[in-house]
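Everything on this sheet refers to the single structure shown next.
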Amino acid sequence: MNRNQIERLIPHRTPFLWIDQIAELEPGSRCVAIKYVDPSEPFFAGHFPGQPVLPGVFLIEAVAQTSGVMMGGGVTRSDKIPKLAAVNRFKFLKVVEPGSELRIETRKLTEAGAMACVEGIVRVGDEIVAKGELTVVSVEDRNAEPEP
């Protein structure tokens, strides 16, 4: 699944779309996304000058967006969109440098009504750089077009 297809499932757009492609998808249960960390991103100039590091919040956002694709699961956006409700026990284990390729893996752990707990693991190559759990909640998409 490419970027255009991802944009049909989640509302995020450049510069805040944090997944470039979907490598694997089991709708509603598991998803693997890829993100290239572009060295020309403007925040690298200040985080940290001379030793640029990807801010950890972007890793959380990449997991949240991958979860959104996983929970959406189809090929078109529904009238509901998953939103981040909580960040649970998220750990940053290694520094992510510009030019890295992230592999973002999500798996639904539990679901209760509109809420789901999702495990996320972010890798660069074979190394886990971040992992944790997120809670996402499906809410009505106020921008969804009504059915014909």
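Values in this text are rule-based calculations from the coordinates and carry no lab data. In this text, all values refer to a predicted model and were calculated from it rather than measured experimentally. In this analysis, Cβ positions are derived from the backbone assuming ideal geometry, glycine residues included, and neighbour counts consider all displayed protein chains.
Projecting label points 7 angstrom from Cα along Cα→Cβ for residue 115 and residue 45 puts them 4.2 nm apart. Label positions at residue 94 and residue 140, each projected 7 Å from the Cα along the C-beta direction, are separated by 4.5 nm. Residues 40, 100, 67, 138 in ascending order of nearby Cβ atoms (within 10 Å, fewest first): 40, 100, 138, 67.
Largest first and in whole Å, the equivalent-ellipsoid semi-axes of the stretch 1-71 read 25, 12, 10, each the square root of five times a Cα gyration tensor eigenvalue. The angle between the Cα long axis of helix 56-72 and the main principal axis of the chain comes to about 30°, on a 0 to 90 degree scale.
Stokes-Einstein diffusion for the chain at 10 °C, viscosity 1.306 mPa s, with a Kirkwood radius from C-alpha pairs, works out to 102 µm²/s. The length gained on full extension between residue 86 and residue 107, counted as 0.36 nm times the residue separation minus their Cα-Cα distance, comes to 6.0 nm. Using C-alpha pairs below 8 Å separated by at least 6 residues, the relative contact order for the chain is 25 percent. The loop-placed chymotrypsin sites (Phe, Trp or Tyr not before Pro) in the stretch 1-106, going by DSSP, that have at most 16 neighbouring Cβ atoms within 10 Å of their Cβ come out as 16. When shorter helices are ignored and each DSSP H run of at least 4 residues is given -39500 (n - 2.57), the per-residue value for the chain at 222 nm works out to -5000 deg cm²/dmol.
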